[in-house]
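The values are calculated or read from the model by the stated rules, or taken from the named source; none is laboratory data. Quick caveat: nothing in here was measured; it's all calculated off a predicted structure. Note that we place each Cβ from the backbone using ideal geometry, even for glycine, and neighbour counts take in every protein chain shown. The area values use the complete protein model at the heavy-atom level, side chains included, leaving out ligands, DNA and RNA. Shrake-Rupley method; radii C 1.70, N 1.55, O 1.52, S 1.80 Å.
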Amino acid sequence: MRKSRILLIWMLALFLTACSSSDDASLPNVQEREREDAINTEQMRKENELLKERVGNNQKRKDEKDAKEQEDVESLRETLNITFKLMAAMQSNNYTYLESVSSPNIEISQQNNIIISKLEQGITKYLFCKTLA
């Protein structure tokens, strides 16, 4: 009986030694994986922040581009409206309106029904001449 107790204790000690040494061997691997996971998580966090910043910058550029395009459309709309008003005034011989919107280098001749453009001070050139009637 004594031999069986000694054998049983010896087997139990061997079993516990074998179990503890395999746990100790896997413990560094778990710690190494956790450390690598922490490093990967930090890298992903930094990359995520960078991507968020890029998306924000792209959105700002898009908003600025949209605002510029909207401004261009409004400017074109105003130009076209003025052009149509000028054409209607030319057709109806509305010299008052034409003179009110013309620049200082434009002369309107009611007698000849023409628009004269002055290129240089004191020199009149008929660069653009349009019959009003």
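Descriptive notes on the structure:
- Long-range neighbours under 8 Å by Cβ, at least six apart or interchain, first residue in contact (Cβ under 8 Å) with a residue 12 or more places away in the chain and assigned to a loop (DSSP other than H, G, I, E, B) within region 102-117, second of a type in the set (Phe, Trp, Tyr) and open to solvent by 30 Å² or more (accessible area, probe 1.4 Å): GLN110/TYR95
- Scanning region 53-103 for residues that are open to solvent by 100 Å² or more (accessible area, probe 1.4 Å) and touching a helix residue (DSSP H, G or I) at 6+ places or on another chain (Cβ under 8 Å) turns up just one, LYS85.
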